[in-house]
Amino acid sequence: MGLSRMIVASSLQKADDAVSTAPEGGKARRVYLLLKDEISRGVYPDGTALPGEQKLAAEFDVSRVTVRRALEALDGDGLIEKRPGSGTIVRAGRDKAMVSGDFTTLMPQLIEMGCATEARLLSFAYGAPAALVASALGLGPDARVQSAVRVRLIDGVPFSHLTTHVPEDIARNYSEADLATSPLFRLLERGGVTIGEASQSVSATLATPDAADALNVAVGAALLSIERVVRDETGRGIEFLFALYRPDMFRMEMTLSRVGEAGHRQWAPVLGGNEAAE
């Protein structure tokens, strides 16, 4: 029986705690983001030398000045260093920090992640939901929701930007202080909610200025995007989540198995095949 693991986001190594220093200018930013992605994906492993400025300029069809600005930004991020006689070297010895999630064991991992990582509450308010949120949760025209924005950190470095919307009558069972210190699922259950199921979609997006600032990445950097609707045992919508994850610190995995008779074999998920926390 063959097994295959699907990595939705690259297993990247984080830079030091430096805030991203993406250069100004479209061309320099493009080179910066492309090189950063290649370093993250292991195209240029730790300890290896990047091509010279002239070669990079030809590869990206830009000037050497543009390449130099991109390299300076990567150096500011702690991803490379210039060594006399050796050229520009991808930094070796960086700590690895990766949070993983398994599609097949999602809900238990959410609770585990909430207990194992640090959260910072950025905003907490009540108001009318956006049309998308109201539709997803099945809310009426006069409904109100509690909306919150949080950032989760691992080893002090932010890896996820979470925006949640919960119907007002459910959210009144917890306070702003509660949400700042406890996982939302624990608070929902404490208020008498029995979580039944969740549906989610996974996509990719680019960091807006607010998200970039919260996650310490460059504006326009690639992010993993997840939309999730959680329902209780009666099918009522109890939470709408919009989450952004840094792909250098978060990935989602699935273990697959080849099943079926000869000529009709196909890939199927192995339930519970991974125990990593989200």
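Which of the three applies to region 180-261, rounded, prolate or oblate, going by the alpha-carbon gyration tensor with a ≥ b ≥ c and a/c under 1.5 meaning rounded? In terms of gyration-tensor shape, oblate.
How would you classify region 99-269 from its alpha-carbon gyration tensor, with a ≥ b ≥ c the square roots of the eigenvalues: rounded for a/c under 1.5, else prolate if a/b is greater than b/c, otherwise oblate? Oblate shape, in that a/c is at least 1.5 and b/c is the bigger or equal ratio.
Remark on Met252: its backbone amide H falls under 5 Å from those of Val8, Ala9, Gly101, a criterion applied only to residues 5 or more positions apart or on other chains, H modelled at 1.01 Å from N. Counting only Cβ charges, +1 for Lys and Arg and -1 for Asp and Glu, the dipole size of region 149-250 around its Cα centre is about 100 debye.
When you work out D = kT/(6 pi eta Rh) for region 17-90 at 20 °C and 1.002 mPa s, using the Kirkwood radius from C-alpha pairs as Rh and the Stokes-Einstein form, the result is 177 µm²/s. Proximity of backbone amide H atoms, modeled 1.01 Å from N, is registered between Glu239 and Val230 at under 5 Å, excluding neighbours fewer than 5 places apart on the same chain.
If you take all other residues with their beta carbon under 13 Å from the beta carbon of Gly127, and give Lys and Arg +1 and Asp and Glu -1, the sum is -1. Note that region 145-150 has calculated 3J(HN,Hα) couplings of 10, 8, 10, 9, 10, 10 Hz, one per residue in order, obtained from phi through the Karplus relation 6.51 cos²θ - 1.76 cosθ + 1.60 (θ = phi - 60°); glycine and proline are x.
Values in this text are rule-based calculations from the coordinates and carry no lab data. This one's a predicted model, so the numbers in the text were calculated from it and none came from an experiment. Because the Cβ atoms are built from the backbone with ideal geometry, glycine has one as well, and the counts that use them run over all protein chains shown.
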